[in-house]
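Presented below is the structure to which this report refers.
The values are calculated or read from the model by the stated rules, or taken from the named source; none is laboratory data. As the structure is a computational prediction, the values presented were derived from the model and not from experiment. Ideal geometry is used to build each Cβ from the backbone, glycine not excepted, and the neighbour counts take in all protein chains shown. Side chains are part of the model used for accessible areas, which takes the heavy atoms of the whole protein and leaves out ligands, DNA and RNA. Shrake-Rupley method; radii C 1.70, N 1.55, O 1.52, S 1.80 Å.
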Amino acid sequence: MEPCSCDTFVALPPSTIGNRIIFGKNSDRLCNEVQEVVYFPAGVHNLGKQLKCTYIEIEQAPETYAVVLSRPAWLWGAEMGANEHGVCIGNEAVWGREEVCSEEALLGMDLVRLGLERADTAEKALNVIIDLLEKYGQGGNCTEDNMEFSYHNSFLLADRNEAWILETAGKYWAAEKVQEGVRNISNQLSITTKIDREHPDLRSYAKQRGWWDGKKEFDFAGTYSCLDTATMLTSPGRYCEGYKLLNKHKGSITFETMMEILRDKPSGINMEGGFLTTASMVSILPRDSSSPCIHFFTGTPDPERSVFKPFIFVPHISQLLDTCSPTFELEHPVKKKAHCKPDRRHPLYLEHQQALEAIDNNKEKAKTMLDHMQKMEKELFKKMESILQNEHLDVDKIVNLFSQCAKDEIRIYKSNVSS
């Protein structure tokens, strides 16, 4: 299996400008996998109702919050997303000494969505995830293809006030609270001795397995990691590169800085190859609750050649049709394992793909298209900054904000293909 890597970042004051928390993630997945950006409104549910996740059914919560998600189009959960209360979550694949369970349970991506739907703070989302982990476990194939690819998960959860790192090994877990500075996670356990919460049997299980002698200081990553395996060899480099990029800009980090980090190819953060960056997300979470949280999504591969489009939660959001996969099935497509993989390309993905093919080996066309994309982005960033500076929020326009941006982006691609 070719190694995969995602990267998730958070920057908190005083590392940021404007008393804001900045969240970002690159989702690195198989190069032929389509990722969609979808919105689900808040809901009230009947007591005892069952909820279908990717592989298993669980008990539904009485109430769920509105969420916007970036997710592989074949599954129920999400790689990353946000909810109406300004909670953001991204997950990472991790491996270690504890064996990965291939039996179908909750995927880490299911847990991302469940945390967002059921919690109005980062720590409450952490509680949701660890409770579900204990009750249902984690496991199952994480690709739509016939190849088997399973892993444990780590999570970065953030809200307007703080962030949490949650890292798991089977049902065991450790959590670290982050209240200032910068933090990132990649495809390795990274919590060492600063453990703010943990599974009650985390240390006794490690002693039972002979991983920890009970005498030296307990180091979660050092105890539960297996860094000499082939799947982990590349992760330390990416984790360290991400940390360096965050620290390079420490004290002056903005949402645009985070986008630059996600677009960085020399570091490997913007991944290319059999596994590539299939979608990206950056969120602005102002400490001032009178300012709205703003969430930017690409919905297309390679953030360097994509547009970060803003989404703001307001009542009566219109459905995001141009970034919703037309072939997504609600009834567990992964259970069917069709001989022919369905075409899950949504309208934006399709136009983006055709435009990139059109500019291949045509430097002049490529420059023209990228100039138009950058101009569109800069105008959007200026408008979003105005909103954050307490300019009047026109709710009627915000309802269609992301959808209109997707349409404008599609127009850029169509004009480039036809020229």
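With R₀ fixed at 30 Å, the C-beta to C-beta distance from Ser419 to Asp396 puts the FRET efficiency at about 0.35.
Heavy-atom surface analysis with a 1.4 Å probe gives region 254-411 a carbon and sulfur content of 52 percent of its accessible area. Given axes a ≥ b ≥ c from the Cα gyration tensor, I'd like to know whether region 141-231 is rounded (a/c under 1.5), prolate (a/b larger than b/c) or oblate. Because a/c hits 1.5 or more and a/b fails to exceed b/c, region 141-231 counts as oblate.
Could you give the dipole magnitude of the chain about its Cα centre, charging the beta-carbon of Lys and Arg +1 and that of Asp and Glu -1, in debye to the nearest 20?
440
When the chain is treated as a GNM, springs tying every alpha-carbon pair under 10 Å, which of Phe297, Phe218, Phe23 comes out with the largest mean-square fluctuation? Result: Phe218 has the largest fluctuation of those listed. Amide hydrogen proximity for Cys53: with H placed 1.01 Å from N in the peptide plane, the residues at 5 or more positions away or on another chain lying under 5 Å are Ile58. Here the dipole of region 1-150 is about 560 debye; that uses its Cα centre as origin and unit charges on the Cβ of Lys and Arg (positive) and Asp and Glu (negative).
For Lys124, project a label point 7 Å along Cα to C-beta. Then give me every residue of region 61-77 with its amide nitrogen under 17 Å of that point. Flagged as within label range: 61-68.
Computed 3J(HN,Hα) for region 399-412, one whole-Hz value per residue from the Karplus formula 6.51 cos²θ - 1.76 cosθ + 1.60 where θ = phi - 60°, is 3, 10, 4, 5, 4, 5, 4, 4, 5, 5, 5, 4, 4, 4, glycine and proline marked x. Relative to the longest principal axis of the Cα atoms of the chain, helix 235-248 runs at roughly 60 degrees.
Of the residues Ser204, Phe218, Cys101, the one whose Cα sits farthest toward the positive end of the charge dipole of the chain, with +1 on the Cβ of Lys and Arg and -1 on the Cβ of Asp and Glu, is Phe218.
Modelled label positions at Glu357 and Lys215, each set 7 Å beyond Cα in the direction of Cβ, lie 6.5 nm from each other. The phi-based Karplus calculation (6.51 cos²θ - 1.76 cosθ + 1.60; θ = phi - 60°) puts the 3J(HN,Hα) values of region 290-307 at 7, 9, x, 6, 10, 10, 9, 10, 8, x, 9, x, 6, x, 5, 10, 9, 10 Hz, whole numbers, x for Gly and Pro.
A DSSP coil position with no more than 11 other Cβ atoms inside 10 Å describes the following GluC sites (Glu not before Pro) in region 334-407: Glu391. Mind jotting down the distance between the C-alpha centroids of region 402-419 and region 241-279, whole Å? Here the answer is 25 Å between Cα centres. Fully extending the segment from Asp196 to Ser252, taken as 0.36 nm per residue of separation minus the present Cα-Cα distance, adds 17.4 nm.
Annotation: amide H of Thr298 within the under-5 Å range of Ser280, Lys309, sequence separation 5 or more or interchain, hydrogens built in the peptide plane.
Residue separation of Lys382 and Glu134 scaled by 0.36 nm, minus their Cα-Cα distance, works out to 84.8 nm of gained length.
Using only Cα atoms and rounding to the nearest 10 degrees, what angle (0 to 90) does helix 108-118 make with the longest principal axis of the chain? Value to nearest ten degrees: 80. Give me the net charge of Ala169's neighbourhood, meaning all other residues with Cβ under 9 Å from the Cβ of Ala169; Lys, Arg count +1, Asp, Glu -1. Around Ala169, the surrounding residues sum to 0. Here the label points at Asp343 and Ser267, each 7 Å from Cα along the C-beta direction, are separated by 3.7 nm in the simple model. For region 161-168, putting each phi into the Karplus relation 6.51 cos²θ - 1.76 cosθ + 1.60 with θ = phi - 60° gives couplings of 10, 7, 9, 9, 9, 10, 10, 10 Hz, in residue order, rounded to whole numbers and with x for Gly and Pro. The angle between the Cα long axis of helix 122-136 and the main principal axis of the chain comes to about 60°, on a 0 to 90 degree scale. Based on the alpha-carbon gyration tensor of region 1-73 and its eigenvalue square roots a ≥ b ≥ c, which shape applies: rounded if a/c is under 1.5, prolate if not and a/b is larger than b/c, or oblate? Judged from the Cα gyration tensor, region 1-73 comes out oblate (a/c at least 1.5, b/c at or above a/b). Excluding ligands, DNA and RNA, the accessible surface per residue across the chain is 42 Å² with a 1.4 Å probe. Where a ≥ b ≥ c are the square roots of the eigenvalues of the C-alpha gyration tensor, would you call the chain rounded, which needs a/c under 1.5, or, failing that, prolate if a/b is larger than b/c, or oblate? Rounded, because the longest to shortest axis ratio a/c is under 1.5.
The length gained on full extension between Ser318 and Gln208, counted as 0.36 nm times the residue separation minus their Cα-Cα distance, comes to 34.3 nm.
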